[in-house]
Every structure is written in C-alpha cells, then in structure tokens.
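The values are calculated or read from the model by the stated rules, or taken from the named source; none is laboratory data. These numbers were taken from a predicted model, which means no experiment stands behind them. Methodologically, a virtual Cβ is constructed for each residue, glycine included, from the backbone with ideal geometry; neighbour enumeration extends over all protein chains shown.
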Amino acid sequence: MSPAIELIAINKRFGDVHANKDVNLTVERGTIHGIVGENGAGKSTLMSILYGFYEADAGEVRVNGKPIAIRSPIDAICAGIGMVHQHFMLVEPLTVVENVMLGAEGGRFLRAGEAKVRTELARLAKEYGLEIDVDAIVGELSVGLQQRVEILKALYRGADILILDEPTAVLTPPEADALFNLLRSLKEQGKTVILITHKLREIMAITDCVSVMRRGEMVATVETANTSPPELAELMVGRRVLLQVEKAEKSPGRPLLEIEKLSVVDTRGVLRVANASLTVHAGEIVGIAGVAGNGQSELLEAIAGMRRPILGSVRLGGREIRPSEHNPHQMREIGLLHVPEDRLRMGLVPSFAAFESAILGFSHEGRLGHGPILDHDRLIADLSAKMEQYDVRPPAPRLKTSKFSGGNQQKIVLAREIERNPKVLLVGQPTRGVDIGAIEFIHRRLIALRDAGVAILLVSVELDEIMNLSDRILTMCGGQITGERKPSETNEQDLGLLMAGVTDEAA
Amino acid sequence: MSAPLEMPKWADTILVPAISVVAAFLMAGLVVLSIGENPITATRWLLQGSLGTGEGLGFTLFYMTDFIFVGLAVAVAFHAGLFNIGGEGQATLGGLGIALALNNLSFLPGFLLIPIGILAAAAFGAFWAAIPGYLQAKRGSHIVITTIMFNWLASVLVVYLLVNVLREPQSMNPETRAFPEQAYIPFMHEVFAVFGIEIPPSQLNLTLVLALAAAYFVWLLIYRSRLGYAIRVVGANPTAAVYAGISPARIIIIAMVLSGALAGGLAVNELMGYQHRLLLEFTSGYGFVGIAVALMGRAHPVGIVLASLLFGILYQGGAELAFEQPNITRDMVVVIGGIIILFAGALDGLFRRLVAQMLARPKLARA
C-alpha cells in the first residue's frame, strides 16, 4: 500500500530565505503524523505547499502514490486533503449547516444542498462521534466546537488526509482531550492526520510518527514510541535544552502585593473577577492557573490600573493604593511593572520601529530625551544594548516591531519591563507563541528575578509553565479563586478539577 | 490570504504617488480627448500657466500654502486615528478669529498685531475642532459626522455674523471692513523689492514661510516628540495606549486641537496675506482638498509639501487652461482635479498593492 503523502525534495525560497531545503516527508495511511519545529523552521510553509497556498520551487508531491500538481486549495481538496487552520475560517453569524455548505452549495438554490449537508453531517456524526447541533449559530459555540465545525467542513469535502495546524493552542485541557479522542477515531476509520504543534506532550500522547524540522530542513523522522521529549527538543533547537528550569527553594520575604476582595466588571457590565484575594511576597512566584477567559486577564489588568475595580483594595509594599493613583502610569512609578498577556495588542505597537515599542509606557521618562523631544540615538543605543543582553534576533533596533518573531518580540517586552527594576512584576502568558529555545531563556529570567527578591504574579494557561515556575499556585474559575496548592503537592488532575470550579469546600 | 503591504520606503513615499499622478493624468487626458481637445496642448497650458511664468508660479505657491496647512491639519488628526473632515469649518472660524482680533485691536503696531492675528486664527480653529474632539473622546460621537456638521455650523455662523453684526453699515457686501494695514502679511514681491530683487507681483505672501515652518514643526511633533509618540500610539493601537498609561481621550482632544489650529493657517494665508478682510466662502473648499493632500502625502510633512505643490499646480494651471482653451471650461478643470483626487486618494491602495506585490513577492511570507 502506497503512503498517503509523499513529499520529495521540496524546495521553497522567499527571496533570501530558504524556507524549505530538500524536504522529504512520508506519511503512511491511517496514521497520526506529528510535525514539530521552532517558529520559522518551515513547518507552515511545507503545509502551505501541500495545501496549495504556495507552489514549491522544486520537488514532487505524491498523494496515494500518484504524483500530482497542487496549485490551489481546490486541487488539494480534490486530492482529498483538508486543512484546519489555527485561526478558524468560519462565518460566525451563520449556522453550522451554512458554514459547512459555504463554497459547496451545490447549485443556485440552497434547499437541495442543505438537505444533502444535513444527511451527510448526520452520517459523520454517527461514524466518528462528531455530534454537533447543526442549527446552532457558529459564533455562539465554544472554541472546541468551532474547531469541530472546521473538521466537519474538511470531512464533508471528502478529506482523507487532515492537516491540523496548532489545533490545541486555543483549547482547554478537556477540549484538547476530546479532540485527541476524535483524531484517534478518525485514524481507526482509516483517515490520515498530520498534526503541527510545538507541544511535545501532545506529540508523545497521540502521534505514531514524528518529523522534526529545523531551519527549513527535515532533520529527523522517528517513531514516537522510540523517542522522548528531551530528544525531540534537542533535535528542534540543535542543542540541549532544559525543559524544566531548575530553581532553588527559597523562603519568601515580606508581602509586596496584597489584593483584597477585588471585583471587576468588564465594559459590558459582566462581573469578571469576583471577590478575589491574594498575596505575593518578595522573592516568590505565584502562578494563577485557569482556562483562558476565567477572569485572569481582567485581574491582571485591574491590578495594573488599566481597569477600575468596582470593589476591593490593592496594597503595594504595605501601602494602600488610592483609586486616584491606581492607573498604569503611577503604578509603574511605584514599581509595579507588567508584561501583558497579548503583546501585539497591548505590549507593543506592531507598526512602530522596535526602539519605539521598547519605550511603550515609559515615553515620559526624562532620561529618554531632552524636554519634549525624544532622543532617538539614545533609544536606539539603549535597545541595542538590551538586544545583546537578551539575545534578540535580529539585533536591529530600527526594524519594525512586527518583523520580529514572537519569541523575540516577547524578549523586547521583557527587557523593557525587567530592566526598570520592578518590585512587583505581573506576567501574563509569557511564552505564548514563543519557541522552545526562547521559553527556556524567559523562564530563567523570571527565576533570576524571583531570586533577586521581586514579587511575581504569573498568569498562564500552560499548566506545565505554572507547575515549573510557581512557588504557589492559585486556580481561577468563573472569576473566583477556587484553590491554592504547592506545586510539590499537586498534579494536573487536581489542578484541572479546581480550574473546572470544583472547590476544596465542595469536594 | 491578504498580502502584507511591505515595501521599501522610497517606493512607498515616491514611486506609488508618482504612479498615481501619471495614471490620473492619463485618465484626465482621455477626458480632454473625448471633448475633442488635444491633451498634450492642454497639459502644456497647465504647466505653462502654473510654472512657466513668474506670476503663475507665485499663484501656484500661494495655493500651495493653503494646501500645506489643511494637509497638515488632516495628517495630525490622522496619526491619532481620527479623520478630521472639518478643515473647512475650522479655517472659517480661524478667519472669524482674525477679523475679530485685528479689527478690534487696530491701534496696535504690526509686529504685535500680525502674531496676534495668527494666534487668533489658530485658537479659533482649535476651538472649533476641540468640540468634535471632546464629543469623540468622551461621548463616542463619530468625528467624521461631527466635523461635517461643524462645517455647516461654521458656515451659517459666519454668514449670520457678516450679514447682521460685522458688516460695514454703508456696505452692501457681506464682509468686514478692511483690516488695519499694519496687520497685512507682506507680499513676497514686496519683500523681494526691499532687497532690490524684482519678481512679478502675485498673491504669494510670507505665509508660505510660516507653512513650511509648520510642516517642520509637525514633523518634529509627530516623529520626534513625546506627545507625538503618544498620538501615534493612540492612532496605531488604542489598547496599547491604555496599557502604557496614555489616555486615548486626552490625546484625541489634543490632536484635534492641534489639527484645528493648523487649519486656521488657511485663513492666515487667504485673509491676512491676500484678501485683507473677512468675506464669505473664502475657504473655497480647500479644507476638503486637504484630505486628498494628506492621503497623497502619506500623512508625512514632506509628502504633504510635495502633494500641496502638485495641487497648487493643478489649481493655478487649471485656471490658465480654462482661460486659454475655452472649450475646457472651469468645470472641466474641476473634473480633472477630481480625477487626480480619485487616483491619489481613493485608488491609492490599488497601485500600492500592485507595487508591493511586484517588489515584495519573493519575500512575502516566512514559514
């Protein structure tokens, strides 16, 4: 039996960048094949060639043993290849049926096509356990179910080979489990799945085979059973990496950040944080675990002064913060700095030169200029020095912020905040969309900061990160703090329950 | 997938506008051809009339002065993410400020009166822009709607004042009495005459120098100052501004105040430099031309000065053209100007995309 996909000597250049160098890949039918690699390693380019977004400069694509030319996604769909993008391609105000029909309406009138879609969806639901309310409005579905609609779209179009690009990036742990069960049942039915991810745990959990890309080349393809996360990480980065940063036990100092009974409503008046109390001591990292959207973002923003809490108090270094001074500007002045969750929407200005993004929040600092005028030479020199210290690549302060990779953007934000000697540091999702090498670097920096006596409040949806870094873990669900644990005395199941709102009292 | 519009700076600031202008002239040429006139001759008259004579050049530069002010006004608001359509109204109010200041303080000497007049124009223009700015910042009323309404309000207000309050009792014209002579901004030909250089007389006056200084000031403000930094953060990424502790509401009002003050410069050039009285409709729609100028100049002061020169050539050359070739009426010249605005403003994205794709295709995306 010929393999489902064979890519032979694929080459693709973008100007000077050799995105794919003589890449070979064989994916056997009826398997789940993982592709890992750092950002920019060429995974997405390779999949875009397979799905017809780009044409390869050289090389051959064979599907089920037959060489074919894929010039557009339509060719790919005809060859039985379907793709689920990281960012969904759905029309939110339309129903599930309408979304599945889109582009495959089957004639001038909708009725006939719709009936066909309904029977087909019912069949798919039975065959793969893909139950879904076909008349639900897609925008009202949970993210996990929206992803299911994407998969249904691909299957409806007759996909035998399904490519999933970072499918769990937006999912909660239970949703991710459900997705994996679905992928397994697809495999049992003879479908082939290609899974692009940077989470090694998922690779280990679900794939049969894994291919590693680095700098445009395919450096290894191994059977998952014969490898380990450290080995994969080393293949990806090209050197040994520590997946778990070591940190010494340290007894925390005096309380620096004290939050008492804080409640926050969003712009629509919905209560997002309810009666939250917590304390962070000097030299301590407190991690907040929770499924995205359970009030962690609002909590951080309220502490930083970006949102006005409706109730509760914030004390910094033992001093109560008055509402009149509780704004981002004055909080920075008194030593509370903030690495925001969403660096592109908040932490940086993508259209600015890097050296301009590197003073966001500090443009008023006297030393950065003369009177009302900013000293650009000074800003550029400052950032140059920081780029060297934080290993930002490329070390080009004048380059547009958006041109840096996620990890390097995050380093620019971190450098900006850390170099201003925080007393308290709020950190949101420090490694979202950041490659493994940079994750290690960022974790080391945070630990070093904690060892230097900074109080760090960390919010992350990556449980591994929370477990690795925190001295204490709080869980949040529905805006409430549902539990507190020591990392040594808990595990993922335990935290998962707390994150789902099963509190200690209730248990 | 949408192609990112990345391209070298020279292509963005020079090549794309140049292509737009050439395309606009070709299209205008077809229009001229369609009414049975020779487009080559027409183009020659246009350039001859605007650049070929000393007098023509003077008028071209006079119009350019107007356009620099209103172009800069639109650009400053644009950097804060605002579309200020109210240049007309703000300039009209600027004119009212000039008339009130100069005619009530006519006992002052020129070296005091001229700066006072300029400041009055800026202050009245700023005031007229501050109200829509405030409504946008605090009430969320859309700035496009409010500034358009304020254009009408300004127009009606000045008509009322000129007809009922400010008009000379013995005059039938809805205009103020002439400003005190010491408040006239000197004509350029007068200034040159002092140094013994004779240039043909025209409306061109020293306000041009003020306009160029304003362009430099706007560059310094937007690209080098702390305030300009805050303005650009608000325009580019309002959420990041909140994170940075910059109040978008405050910046919106400040940007509109600066924008309105700049629009007041149009009144300085037209009234203190040339008309020497306040009269109806002295803005002649130039406030709207400012939008096209700012778009074409990519909201950058250098681009705006160049685009202003182009529009100055069109206005002056167009007038000459209508005079020399009666078949090409004044209305036809307006059509040609409209085509240029269409290509330079509305269709600008079209060529931008094409050029970006041609230049940047090999580097489009990285895996």
Would you tally the residues in the stretch A:387-420 being assigned to a helix (DSSP H, G or I) and at pLDDT below 90?
5
All but one of (1) touching a residue at least 60 places away in the same chain (Cβ under 8 Å); (2) of a type in the set (A, V, I, L, M, F, W, C); (3) more than 30 Å from A:GLU131 (Cα to Cα) hold for A:VAL222; state the number of the condition that does not hold.
(1)
Mind checking which residues of the stretch A:272-308 are buried (at least 23 other Cβ atoms within 10 Å of the Cβ), assigned to a loop (DSSP other than H, G, I, E, B) and more than 14 Å from chain B (Cβ to nearest Cβ)?
A:GLY290, A:ASN294, A:GLY295
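In the list A:ASP471, A:ASP435, A:ASP464, which residue meets the criterion of being within 26 Å of A:GLY318 (Cα to Cα) and acidic (Asp, Glu)?
Matching residue, one of A:ASP471, A:ASP435, A:ASP464: A:ASP471.
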What is the residue count in the stretch A:432-469 for residues that are assigned to a loop (DSSP other than H, G, I, E, B), surrounded by fewer than 23 Cβ atoms within 10 Å (Cβ to Cβ) and in contact with a helix residue (DSSP H, G or I) (Cβ under 7 Å, 6 or more places away or on another chain)?
2
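Every residue, every condition in (1) surrounded by fewer than 24 Cβ atoms within 10 Å (Cβ to Cβ); (2) modelled with pLDDT of 90 or more; (3) part of a helix (DSSP H, G or I); (4) not small (Gly, Ala, Ser), yes or no:
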{"site": "B:GLY264", "(1), (2), (3), (4)": "no, yes, yes, no"}
{"site": "B:GLU270", "(1), (2), (3), (4)": "no, yes, yes, yes"}
{"site": "B:GLY273", "(1), (2), (3), (4)": "no, yes, yes, no"}
{"site": "B:THR283", "(1), (2), (3), (4)": "no, yes, no, yes"}
{"site": "B:ALA299", "(1), (2), (3), (4)": "yes, yes, no, no"}
{"site": "B:VAL333", "(1), (2), (3), (4)": "yes, no, yes, yes"}
{"site": "B:LEU342", "(1), (2), (3), (4)": "yes, no, yes, yes"}
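With respect to B:ILE251, is the statement that it is at pLDDT below 95 and of a type in the set (Val, Ile, Thr) true?
For B:ILE251, the condition - at pLDDT below 95 and of a type in the set (Val, Ile, Thr) - is not met.
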Condition set among the acidic types (Asp, Glu) and assigned to a helix (DSSP H, G or I), scope the stretch A:316-360, selection farthest from the other protein chains (Cβ to nearest Cβ): answer is A:GLU325
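Go through the stretch A:247-264 and count every residue that is in a loop (DSSP other than H, G, I, E, B) and either without any contact (Cβ under 8 Å) to a residue 40 or more places away in the chain or surrounded by 14 or more Cβ atoms within 10 Å (Cβ to Cβ) (or both).
Summing the residues that are in a loop (DSSP other than H, G, I, E, B) and either without any contact (Cβ under 8 Å) to a residue 40 or more places away in the chain or surrounded by 14 or more Cβ atoms within 10 Å (Cβ to Cβ) (or both) in the stretch A:247-264 gives 5.
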Could you list, in sequence order, the residues of the stretch B:151-185 that are of a type in the set (Lys, Arg) and touching a residue at least 60 places away in the same chain (Cβ under 8 Å)?
B:ARG177
It is to be established whether one or more residues within the stretch B:248-260 are away from chain A (no Cβ under 12 Å), part of a helix (DSSP H, G or I) and hydroxyl-bearing (Ser, Thr, Tyr).
yes
Boolean, A:VAL413 is farther than 28 Å from A:ARG215 by Cα and in contact with a helix residue (DSSP H, G or I) (Cβ under 9 Å, 6 or more places away or on another chain)
no
Hits in the stretch A:28-44 (condition: under 26 Å from the mean Cα position of the chain (by Cα) and more than 14 Å from A:LEU183 (Cβ to Cβ)):
A:ILE35, A:VAL36, A:GLY37, A:GLU38, A:ASN39, A:GLY40, A:ALA41, A:GLY42, A:LYS43, A:SER44
Could you identify the single residue in A:GLY139, A:GLY59, A:GLY65 that is touching a Ser or Thr at 6+ places or on another chain (Cβ under 8 Å) and not acidic (Asp, Glu)?
A:GLY65
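Among what's in the stretch A:387-405 and is within 12 Å of chain B (Cβ to nearest Cβ) and in contact (Cβ under 8 Å) with a residue 12 or more places away in the chain, pick the residue that is surrounded by the fewest Cβ atoms within 10 Å (Cβ to Cβ). Talk me through it step by step, then tell me what you get.
Looking only at the stretch A:387-405, we keep the residues that are within 12 Å of chain B (Cβ to nearest Cβ), and these are A:398-405.
With in contact (Cβ under 8 Å) with a residue 12 or more places away in the chain added as a condition, the list becomes A:398-402, A:404-405.
Working: A:ARG398: 12, A:LEU399: 15, A:LYS400: 16, A:THR401: 23, A:SER402: 16, A:PHE404: 21, A:SER405: 19.
Going through the qualifying residues, I end up with A:ARG398.
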Quick check on my filter: what residues within the stretch A:265-292 are hydroxyl-bearing (Ser, Thr, Tyr) and without any contact (Cβ under 8 Å) to a residue 60 or more places away in the chain?
A:THR267, A:THR279
Members of the stretch B:91-105 found to be in a helix (DSSP H, G or I), of a type outside the set (Gly, Ala, Ser) and either in contact with a His (Cβ under 8 Å, 6 or more places away or on another chain) or surrounded by fewer than 24 Cβ atoms within 10 Å (Cβ to Cβ) (or both), listed by number:
B:LEU100, B:ASN103, B:ASN104
Top-ranked residue of the stretch B:198-216 - restricted to ones that are part of a helix (DSSP H, G or I) and surrounded by fewer than 16 Cβ atoms within 10 Å (Cβ to Cβ), ranked as nearest to the other protein chains (Cβ to nearest Cβ):
B:TYR216
Of residues in the stretch B:218-246 being in a helix (DSSP H, G or I), surrounded by 21 or more Cβ atoms within 10 Å (Cβ to Cβ) and touching a Pro at 6+ places or on another chain (Cβ under 6 Å), the one nearest to the other protein chains (Cβ to nearest Cβ)
B:TYR243
From A:SER384, A:SER313, A:SER363, grab the single residue that is of a type in the set (Ser, Thr, Tyr) and either assigned to a loop (DSSP other than H, G, I, E, B) or within 13 Å of chain B (Cβ to nearest Cβ) (or both).
A:SER363
Residue check for A:VAL117: part of a helix (DSSP H, G or I), more than 14 Å from chain B (Cβ to nearest Cβ), touching a residue at least 12 places away in the same chain (Cβ under 8 Å) and more than 27 Å from the chain's Cα centre (by Cα):
yes
Do the conditions hold for A:LEU130, that is, is it in a helix (DSSP H, G or I) and surrounded by 12 or more Cβ atoms within 10 Å (Cβ to Cβ)?
no
Filter the stretch A:15-68 down to residues that are in contact with an Asp or Glu (Cβ under 6 Å, 6 or more places away or on another chain), in a loop (DSSP other than H, G, I, E, B) and within 14 Å of chain B (Cβ to nearest Cβ) and give me whichever is surrounded by the most Cβ atoms within 10 Å (Cβ to Cβ).
A:GLU38
Can you confirm whether the stretch B:68-86 contains a residue that is farther than 30 Å from B:LEU153 by Cα and either assigned to a helix (DSSP H, G or I) or at pLDDT 90 or above (or both)?
no
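Kindly evaluate A:SER211 against the criterion of being part of a strand (DSSP E or B) and either under 19 Å from the mean Cα position of the chain (by Cα) or of a type outside the set (A, V, I, L, M) (or both).
Yes: the conditions hold for A:SER211.
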